[in-house]
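Throughout, read-outs are computed from the coordinates displayed, never taken from laboratory work. From a predicted model like this one, the values you see are computed outputs, not experimental measurements.
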Amino acid sequence: MLEIIGIIFFARKIGSIAQEKGLPVGWWRFYAVMAWILGEFAGGFIAGLLQQDTIVIILLAYLCAGIACFTLYKIISSKPDVMHEFDFDKQDNTYQ
């Protein structure tokens with residue numbers, strides 16, 4: 001249950017950042033959910049291949065999901081901001 005609440009919170013956060021950047025909000029929310037699910041699956045799969053105990057599988061799955069979400073957060077944070085309007089009064093007037 002807490003995991004679902006965390007995914008919803010993370011998807012909303014990514015969506016608000018995407019809106020600030022002028023990117024499609026729905027797609028980035030979808031990417032956030034998929035990053036968590038696929039990261040968790042990959043971590044669980046790797047730990048399962050290594051024939052670990054259940055607790056190790058769960059912890060590695062959450063670790064990989066967290067890494068995937070952090071990577072997505074850094075990717076969207078590095079996108080340039082959208083300039084909504086240009087203010088001519090704040091322009092540098094050194095060339096007059």
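Quick look at the values:
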| read-out | value |
| --- | --- |
| Alpha carbon Rg of the range 2-79, scaled by the compact-globule rule 2.2 N^0.38 Å | 1.19 |
| Gain in span if fully extended, residue 51 to residue 16, counting 0.36 nm per residue against the direct Cα distance | 8.6 nm |
| Acute angle (nearest 10 degrees) that the helix 2-21 long axis makes with the longest principal axis of the chain, alpha-carbon atoms | 20 degrees |
| The chain: angle of helix 25-49 to the longest principal axis, Cα-based, in degrees nearest 10 | 30 degrees |
| On Cα atoms only, tilt of 54-77 relative to the major axis of the chain in degrees | 10 degrees |
| Residue-span extension gain [residue 63 to residue 37] - 0.36 nm each, minus C-alpha spacing | 8.2 nm |
